[in-house]
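Enquirer: Okay, here's the structure, questions in a sec.
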Amino acid sequence: MRESTFASTTNLNMKTEASAWRALNAHAAAQLRGGFADRALRAAHGPAAVTWRAFFTVGARSLRPGFAERVLRAARVATDIPSLASHFALSASIAAVCLSAVLFVHQRNVDAADARNLAEWQRLVQAADDPDSNML
Amino acid sequence: MESTSTTALANLVRRAQKGEESALRELIISYQHRIAGFVYAMTGRSDYVEDLAQQVFIKMVRAIDRLQAPAQFESWLFRLARNTCIDQLRRQKLRRIFLPFGEEHENIPEPPGAVDSEELDALRHALAQLRPQDRALLALVQEGRSHAEIAETLNTSVAAVKARLHRAREHLREHYQPEHEN
């Protein structure tokens, strides 16, 4: 009698645990959206060749009819398309010209100031040498 | 069969090098869809495709007489396409520094119907996460370029191409999540 009670209690506990596991599994499975297996496979293998081909086709469809004619016309008339390097070269040459202009003007101002100071010093030296002078 | 088509292509390129307009037109028509697909893989924007493809072919028309080996026309053309796209992406990046609102304008989503399916959208999204150089590598492989040809295009060794390709594929797989689960 006692053994039978123990067995039924254990059995009841196991049933509860099993149903809890089942509920847990069901809850976890409900979190997955439809097509999970396909998505997992796609993520594992990466894009298939057919996807790549379809992708390239989207790009190819973006060209309007008469593309070749437009290219040939543009190649005949358009000036050369400046590259990124040529943009940099142009910016660098403009910067170099500006810098040289600034340095040139600065050097001229320095030279003029030097000449003025030298002349002033010479005038002072002459005045110091000549005791009769009242320039000082 | 393949050598016949290679010879035919080399002859066509030689005619184009002499300035024959019909040969140039034939080259453009033969390659326009492949170059457009490549440009789309590089930029992820269908509204850039026409402009960039046009730039590529204008460069081709202007420089074809300097191509030494007509048999290597395809590798040369895809190198032009790769460099044009990378230049464009660099320009965009520079513009973003000076024009902070530029990015918002550039990131306007593709109009409905431009992308056919969830998978294509996922591929576009995954490619956008890669460096342009890696995108170019993957697109060149999909274009059927051999490792040796890619190595020649990128001025590097075949071993380096294989290593970079392996890394690029790993990155693509990491980001390739249809329905943008991230």
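Bear in mind these aren't lab numbers, they're just calculated from the coordinates by the rules spelled out. As the structure is a computational prediction, the values presented were derived from the model and not from experiment. Every residue, glycine among them, receives a Cβ derived from its backbone with ideal geometry; neighbour counts consider all protein chains shown.
Enquirer: If you wrap the stretch A:34-80's Cα atoms in a convex hull and average its projection over all directions, what's the area in nm²?
Expert: Over all viewing directions, the stretch A:34-80 projects a mean Cα-hull area of 5.8 nm².
Enquirer: Sorting B:Glu26, A:Glu17 on the 10 Å Cβ count, fewest up front, what's the list?
Expert: With the fewest neighbours first, B:Glu26, A:Glu17 line up as A:Glu17, B:Glu26.
Enquirer: Another question about this same structure. Against the longest principal axis of chain B, how steep is helix B:21-43, in degrees 0 to 90 to the nearest 10, with axes from Cα atoms?
Expert: Taking Cα atoms only, the helix is inclined about 20 degrees.
Enquirer: To continue, here is another question. Once R0 is set to 51 Å, what does the formula 1/(1 + (r/R0)^6) return for the Cβ-Cβ distance between A:Ala40 and A:Val110, expressed as a FRET efficiency to the nearest 0.05?
Expert: Approximately 0.10, to the nearest 0.05.
Enquirer: By how many nm would the segment from A:Arg53 to A:Ile94 grow when fully extended, if each residue of separation counts as 0.36 nm and the alpha-carbon distance is taken off?
Expert: Length gained between A:Arg53 and A:Ile94: 10.1 nm.
Enquirer: Which ³J(HN,Hα) values in Hz, rounded to whole numbers, follow from the phi angles of the stretch B:52-67 under the Karplus curve 6.51 cos²θ - 1.76 cosθ + 1.60, where θ = phi - 60° and Gly and Pro get x?
Expert: 5, 4, 4, 4, 4, 6, 5, 4, 4, 4, 6, 10, 4, 5, 8, 6
Enquirer: Moving on to the next point. Sticking with the crude label model, points 7 Å out along Cα→Cβ, report the distance from B:Asp51 to B:Arg167 in nm, one decimal please.
Expert: About 3.1 nm separates the two model spin labels.
Enquirer: Rounded to the nearest 500 deg cm²/dmol, what is the calculated helix-only ellipticity per residue at 222 nm for chain B, with -39500 (n - 2.57) per DSSP H run of length n ≥ 4?
Expert: Calculated at 222 nm, the ellipticity per residue is -24500 deg cm²/dmol.
Enquirer: Moving on. Would you mind checking the radius of gyration and Dmax of the stretch A:83-136 based on alpha-carbon positions, in Å?
Expert: 22.4, 74
Enquirer: Another question, if that's okay. Under the Karplus relation 6.51 cos²θ - 1.76 cosθ + 1.60, θ = phi - 60°, what is the ordered set of whole-Hz ³J(HN,Hα) values for the stretch A:35-44, x standing for Gly and Pro?
Expert: x, 4, 4, 4, 5, 4, 5, 5, 5, 6
Enquirer: I've got another one for you. If packing is taken as the average count of other Cβ atoms within 10 Å, what order do B:69-77, B:89-97 fall into, highest mean first?
Expert: B:69-77, B:89-97
Enquirer: Non-local amide H neighbours of B:Arg145 (under 5 Å, H modeled in plane, Pro and chain starts lacking H): which ones?
Expert: Correct list: empty.
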